[in-house]
Amino acid sequence: MTVETLVKGWCPGALRPMESGDGLLVRIRITGGILKAEHAQVIAASAMRYGIGLIDLSGRANIQIRGVSGSQWPHLIADLSRHGLLDDDAEAEAVRNVIASPLAGLDPSAWLDIRALVKTLEHRLVSDRTLHALPGKFGFLVDDGGQFSLGDQNADIAFEAIQEMGATHFLVRVGQDDIAGVIGVDRVCDTAAALAHAFIDASRASAKPYKRMVNWVAEWGADRILNSVDIETIAVKPRRSTGLLPFGYHCLGESGFLGLGAPFGRWSANGLAALADIAVTMGSGELRLTPWRAILIPGLRQADADAVIAKVGDAFIALSDDPRLQIIACAGKPSCRNATVNTHQDALGFATLKNLAKKSGTRLHVSGCEKGCARPTATEAVLVGRNGVYDLVLNGKASDRPIMTGLDEAMVRRTLEDMWAGEAK
Ligand code: SF4
């Protein structure tokens, strides 16, 4: 197959890369986000050799090698495949869309170790070829109930471990709905498959095929969908969200882990290689990838983590209240052909905005265009690039109507600083 035959109309993978402004984007799905240090080294070396030395960590904890040329792509695929980092085919790769608690098996506060379960679920998705008809963005989630909840992550079918009367069960939800069913641990894979099959059937029977589970839930209701696969529903239970982020050093019993982020999820290949080195010399020899775009190095002692933090300085994010975490930015120029603004560079500048940190959470979305790829939901302030300057949307999405247009960087600063100063009075 040529790259040209592979790059139209799907969610990108490694075997079906996506063409972007700086070359092919090659996405690698790591089961459970558990990445051996030696594999991280392979990926970092491949990004330097075949790409432009840049790696994105996506909001679903996938690794994306940027800037691969069509001629280099087959060599990259051969290298990744040799190290067991790829699936047999593009369909298998696409359906393995599972977010899992990144500290699986390490977090003493979790209700169970979900590593084997996540592997089995992925295997089920791959081996049941009927499920390859799921839409490209259709995703699953498995939360072990540990301290870093996945409650802020979107999923079409989500499982969350709970404990009731001394036994561990899973809450199962569809399309982010609060209505949930309760199932035993041994029913997770069967339930995931049954719901996914039911979704495919319902979508085929619908006049307008569903893109995501939320579309089906809007028509049928979560109650009826869960009942249709023999799951009794219980009273509304809001999804658990601890709101904790895994940046910096955290204790896990006898040792701990260090969580580091790169601004807006964009890592240099050298940066990833450095983390892999630390994992080998000071940690347990593996990295954990998170949907919060942090990479965790487990098995570190506090003193070693402090030394690493001191050494990396500002290059990586090591604090949960780092203002760069309050801003989301898409790939922007030059990585995306649709962009006329350098979103990452501008967002770094906006991280020093006065009053940004007066409230916590994501406050600013810097989008290269009105597609708003980095954040499909509403944000307090959205800067949308157009012809090299920005339009400003308040409390909305990138595609919403702006309240101001044509703002250069100085005008953006003045507007947002004044607005946030006023709010704080
Ligand atoms: S929002 Fe626009 S500029 Fe940004 S990555 Fe998406 S398509 Fe490209």
Could you please let me know if LYS358 is within 14 Å of the ligand (Cβ to nearest atom), open to solvent by 30 Å² or more (accessible area, probe 1.4 Å), touching a residue at least 24 places away in the same chain (Cβ under 8 Å) and not acidic (Asp, Glu)? no
Of all residues making up segment 225-238, the number that are within 12 Å of LEU171 (Cα to Cα), over 26 Å from the mean Cα position of the chain (by Cα) and part of a loop (DSSP other than H, G, I, E, B): 4
Of the conditions (1) of a type outside the set (Lys, Arg); (2) in a strand (DSSP E or B); (3) open to solvent by 10 Å² or more (accessible area, probe 1.4 Å), the single one that GLU38 does not satisfy is (2)
Which of the residues that make up segment 390-411 are of a type outside the set (S, T, N, Q) and open to solvent by 60 Å² or more (accessible area, probe 1.4 Å)? LYS397, ASP400, ARG401, ILE403, MET404, ASP408, GLU409, MET411
Determine whether LEU112 is in contact (Cβ under 8 Å) with a residue 60 or more places away in the chain and surrounded by 15 or more Cβ atoms within 10 Å (Cβ to Cβ). yes
Under 8 Å between Cβ atoms, at least 6 apart or on separate chains: pull out the pairs that start in segment 20-45 with a residue that is within 16 Å of the ligand (Cβ to nearest atom) and among the acidic types (Asp, Glu) and end on any residue that is open to solvent by 40 Å² or more (accessible area, probe 1.4 Å) and modelled with pLDDT under 95. ASP22/PRO334
Just need a number here: residues in segment 122-175 that are of a type outside the set (Val, Ile, Thr), open to solvent by 30 Å² or more (accessible area, probe 1.4 Å) and in a strand (DSSP E or B). 4
Total residues in segment 78-101, condition of a type outside the set (Lys, Arg), at negative phi and assigned to a loop (DSSP other than H, G, I, E, B): 8
Return the pair list, or none, for Cβ contacts closer than 6 Å from residues in segment 194-222 that are more than 22 Å from ALA180 (Cβ to Cβ) to residues that are polar (S, T, N, Q), at least 6 apart or on different chains. PRO209/SER203
Considering only residues of segment 67-109 that are out of contact with any strand residue (DSSP E or B) (no Cβ under 7 Å at 6 or more places or on another chain) and of a type in the set (Ser, Thr, Tyr), which is surrounded by the fewest Cβ atoms within 10 Å (Cβ to Cβ)? SER71
Could you tell me whether segment 363-373 includes any residue that is surrounded by 15 or more Cβ atoms within 10 Å (Cβ to Cβ) and away from the ligand (no atom under 12 Å from the Cβ)? yes
Quick test for you: out of ALA307, ALA351, ALA347, pick the one residue that is at pLDDT 95 or above, open to solvent by 30 Å² or more (accessible area, probe 1.4 Å) and out of contact with any Cys (no Cβ under 9 Å at 6 or more places or on another chain). ALA307
Need the failing condition index for ARG401 against (1) more than 16 Å from the ligand (Cβ to nearest atom); (2) charged (D, E, K, R); (3) closer than 22 Å to ASP322 by Cβ, just the number. (3)
With farther than 19 Å from LEU131 by Cβ, among the acidic types (Asp, Glu) and not in a strand (DSSP E or B) as the only criterion, which of ASP178, ASP190 stands out? ASP178
Within segment 379-411, residues under 22 Å from the mean Cα position of the chain (by Cα), small (Gly, Ala, Ser) and more than 20 Å from ARG60 (Cβ to Cβ) come out as ALA381, GLY396, SER399
Give me the helices (runs of 4 or more DSSP H) completely within segment 239-352, filtered to those with at least 3 residues that are away from the ligand (no atom under 16 Å from the Cβ) and not polar (S, T, N, Q), ordered by residue number. 269-281, 302-312
Counting only residues that are in a strand (DSSP E or B) and either over 25 Å from GLN153 (Cα atoms) or modelled with pLDDT under 95 (or both), how many does segment 58-73 have? 2
Sort out which residues of segment 42-57 are of a type outside the set (A, V, I, L, M, F, W, C) and part of a helix (DSSP H, G or I), and write them in order of number. SER46, ARG49, TYR50
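The values are calculated or read from the model by the stated rules, or taken from the named source; none is laboratory data. What you see is a predicted model; the values in this text were computed from it and never measured. Please note: Cβ atoms are built from the backbone with ideal geometry, for glycine as well, and neighbour counts cover all protein chains shown. Note: accessible area is taken over every heavy atom of the protein model, side chains too, but ligands, DNA and RNA are not part of it. Shrake-Rupley method; radii C 1.70, N 1.55, O 1.52, S 1.80 Å.
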